[in-house]
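**Student:** Dropping a structure here in structure tokens format, bear with me for questions.
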Amino acid sequence: MNANFTVKEKKAWIKVEGGSVCSPNGFTAGGLHCGIKRKRRDLGWIYCNVPANSTAVYTTNLFQAAPLKVTQESISTNGKLQGIIVNSGNANSCTGDEGLLNAYMMRKGFANQTGLEEEDVAVVSTGVIGEQLPIKKLLNGIEQVTCIEDNNNAAEFEEAILTTDTFTKNECLQIKIKDKVITIGGAAKGSGMIHPNMATMLGFITTDIHIEQKALEKALKSVTTQTFNMITVDGDTSTNDMVIVMASGLAHNELLHEDDPDYHLFVEGLQEVSLSLAKQIARDGEGATKLIEVTVEGALTEQDAQRISKTIVGSSLVKTAIFGEDANWGRIVSAIGYSGIALDPDLISVSIGPIKVVENGLPYGFSEKEAKSYLSNEEIQIFVQIGAGNEKATAWGCDLSYDYVRINASYRT
């Protein structure tokens, strides 16, 4: 798997073609059908040969599903995980004491099946809210998990975690730290009910770097701010979702801490994997036909730029205009205006791709034909200049199509 580490475009990492959560040393994964869904795989797992330093970030929704509570308990025990058990098709959310008991039963069942300690197992669920898990089916499925240390079926895991997604999502890259090759692999799911901070998206990232748990936690939190928390599909924040990182330490590099001069190399690699997964989630928004990228520059603070860019990409009117290939820049400046950030409208400039549509707060003459031609692409960029400072940020989302309503109008039925 190791490759030539010629730094291209001043980047210290290289992509691993065909890589996955199983690519870092020590990790295996798999998936199977246990009967929650009619046909597709609905039970997945990740296993590590050793207890791995681990951390996670969680949805900010006040209704946190039972699996999140169990996973937080597991990680808080000693900062380590050795396994993750995931089901799709049922969120086990708003299910009371019975739902919590079922989440613990999932954890215990997977621990027993794999010979792990219960507190070294994370539990994750995604799907319909408010329905009790078919726990017997799940436990029967967990009992079918075999050959855990030889199971390199990352594709089956990636399929098992999906709900309304139309494609699996993965990324993998390698970096070199002090002559040791470090691999970072990731898988994710997410299509609808996507809005920061954390939403109906699950992210699973594995790495073989030897790193302090606190340094790993700091890296994930900083990376999440600029990746997973900068995407939106529909403005709805779910009850379930999380991003988990496990670090096996089996690359056998010197223990990395946040004061190490090479710490930033790992953070850059983690950010690249997270960004790729986040953009894949945004592109796979329910009914989406286009990925939208909004970059705001010239803001007074990075937080201001983030707020404005997320407001634009989350605007239903902007999203429908992009779907209709209509260069309706008025919707963009309207979203800027209600973002809640103080600014001078006379300093605002907006471009849709290479086409400037607003300059200094006033309409800028452009060809509607050229704009429509640009908007026919599958990836659309919007650039905004605020003129208030030097900070910038980028957010990602998707257009809003007829199919979004069709999918969500019949999600349970």
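**Student:** Looking only at segment 291-318, which residues are assigned to a helix (DSSP H, G or I), more than 11 Å from ALA393 (Cα to Cα), open to solvent by less than 40 Å² (accessible area, probe 1.4 Å) and aliphatic (A, V, I, L, M)?
**Tutor:** Matches in segment 291-318: ILE312, VAL313, VAL318.
**Student:** Go through segment 46-60 and give me each residue that's among the hydrophobic types (A, V, I, L, M, F, W, C) and farther than 11 Å from MET242 by Cβ.
**Tutor:** If the condition is that a residue be among the hydrophobic types (A, V, I, L, M, F, W, C) and farther than 11 Å from MET242 by Cβ, then ILE46, CYS48, VAL50, ALA52 are the ones that fit.
**Student:** Any idea how many residues of segment 225-260 are open to solvent by less than 40 Å² (accessible area, probe 1.4 Å), at pLDDT 85 or above and in contact with a helix residue (DSSP H, G or I) (Cβ under 7 Å, 6 or more places away or on another chain)?
**Tutor:** Result for segment 225-260: 8.
**Student:** Considering only segment 177-187, how many residues are open to solvent by 10 Å² or more (accessible area, probe 1.4 Å) and touching a residue at least 12 places away in the same chain (Cβ under 8 Å)?
**Tutor:** Final tally of qualifying residues: 3.
**Student:** Further, regarding this structure: Select from segment 32-67 the residues that are touching an Asp or Glu at 6+ places or on another chain (Cβ under 8 Å) and outside any loop (DSSP other than H, G, I, E, B) and list them in ascending order.
**Tutor:** Of the residues in segment 32-67, the ones touching an Asp or Glu at 6+ places or on another chain (Cβ under 8 Å) are 32-36, 40-41, 44, 47, 49, 51, 53, 55, 58-59.
Hits for segment 32-67 are LEU32, GLY44, TYR47, ASN49, PRO51, ASN53, THR55, TYR58.
**Student:** While we're on this one: Which one of the conditions (1) modelled with pLDDT of 95 or more; (2) under 23 Å from GLN72 (Cα atoms); (3) open to solvent by less than 10 Å² (accessible area, probe 1.4 Å) does LYS218 fail to meet, given that it meets all the rest?
**Tutor:** The one condition LYS218 does not meet is (3).
**Student:** Then there's this: List pairs: first in segment 154-176 and more than 30 Å from ASN253 (Cβ to Cβ), second among the acidic types (Asp, Glu) and in a loop (DSSP other than H, G, I, E, B), Cβ under 8 Å, 6+ apart or cross-chain?
**Tutor:** Close Cβ pairs satisfying both conditions: ALA160/ASP42; THR164/GLU286; ASP165/ASP284; THR166/ASP284; PHE167/ASP284.
**Student:** Just for segment 134-164: of the residues that are assigned to a loop (DSSP other than H, G, I, E, B) and open to solvent by less than 10 Å² (accessible area, probe 1.4 Å), which one is farthest from ALA91 (Cα to Cα)?
**Tutor:** VAL145
**Student:** So, one more: Within segment 345-368, count every residue that is open to solvent by 70 Å² or more (accessible area, probe 1.4 Å), under 20 Å from THR311 (Cβ atoms) and in contact (Cβ under 8 Å) with a residue 24 or more places away in the chain.
**Tutor:** Selection size over segment 345-368: 1.
The values are calculated or read from the model by the stated rules, or taken from the named source; none is laboratory data. Source: prediction; values computed, not measured. Positions of Cβ are generated from backbone atoms using ideal geometry, with glycine treated the same way; all protein chains shown enter the neighbour counts. What goes into the accessible areas is simple: the full protein's heavy atoms, side chains included, and nothing from ligands, DNA or RNA. Shrake-Rupley method; radii C 1.70, N 1.55, O 1.52, S 1.80 Å.
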